[in-house]
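Inspection log for the structure reproduced underneath, given as structure tokens.
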Amino acid sequence: MTSLAPTRRHDLDEIDKAIVRELQVDGRLPYAQLAPIIGLSEAATRQRVNRLIDRGVMTIVAVTDPMALGYAYQALLGIRVENEVSATAEKLGQIDELEYVVIASGRYDVLAEVVCTDAAHLLEVIDTKIRSVRGVRTVETLTYLRVIKQNYDWGAV
């Protein structure tokens, strides 16, 4: 799980930003094809990419479509906590069906996204996994009817 502490900001130069932009379009782009796009040699491109990964600026992963994998139910959960928000959020973060967990301000103490195969699976996750976490007071489920936009290309402007 990622740390709840603020992370160090890394200033990117134009070449770093170009690398990130290109890899956001195609994370499998070979260095031989990426290098001429950004204006560096293949070796220098590889070093730059590795440095961005090592500094934690980016991670190259496969992004899946939950619906295509049989997860027909997605929801945002607004969770209110009794006390010890950080400890409760850490425990919630260990639940496999929760895709992300964040501590929030406002109406809810914790926001989490859940993906489930069907309504029975969603009920099981909420009733047996989430509500069993010590400190969880209430869970409000906002079921997704249709995802209009899901974007992962921030940060390379």
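The values are calculated or read from the model by the stated rules, or taken from the named source; none is laboratory data. Here the structure is a predicted model, which is why all the values come from computation and not from measurement. Ideal geometry is used to build each Cβ from the backbone, glycine not excepted, and the neighbour counts take in all protein chains shown.
When the stretch 42-75 is filtered for residues that are touching a residue at least 12 places away in the same chain (Cβ under 8 Å) and touching a Ser or Thr at 6+ places or on another chain (Cβ under 8 Å), the ones remaining, listed by number, are Gly56, Gly70, Tyr71, Ala72, Tyr73, Gln74, Ala75. For the structure I just gave you, tell me whether Asp96 is free of Cβ contacts under 8 Å to residues at least 40 places away in the same chain, in contact with a Lys or Arg (Cβ under 7 Å, 6 or more places away or on another chain) and either in the same structural domain as Arg137 (by TED's automatic domain parsing) or surrounded by 15 or more Cβ atoms within 10 Å (Cβ to Cβ) (or both). No. Within the stretch 63-83, the set of residues being assigned to a loop (DSSP other than H, G, I, E, B), surrounded by 13 or more Cβ atoms within 10 Å (Cβ to Cβ) and of a type outside the set (A, V, I, L, M) comprises just one member, Tyr71.
Number of residues in the stretch 124-143 that are hydroxyl-bearing (Ser, Thr, Tyr) and farther than 16 Å from Glu113 by Cβ equals 3.
Is at least one residue of the stretch 121-128 farther than 23 Å from Leu145 by Cβ, touching a strand residue (DSSP E or B) at 6+ places or on another chain (Cβ under 8 Å) and surrounded by fewer than 13 Cβ atoms within 10 Å (Cβ to Cβ)?
Within the stretch 121-128, not a single residue is farther than 23 Å from Leu145 by Cβ, touching a strand residue (DSSP E or B) at 6+ places or on another chain (Cβ under 8 Å) and surrounded by fewer than 13 Cβ atoms within 10 Å (Cβ to Cβ).
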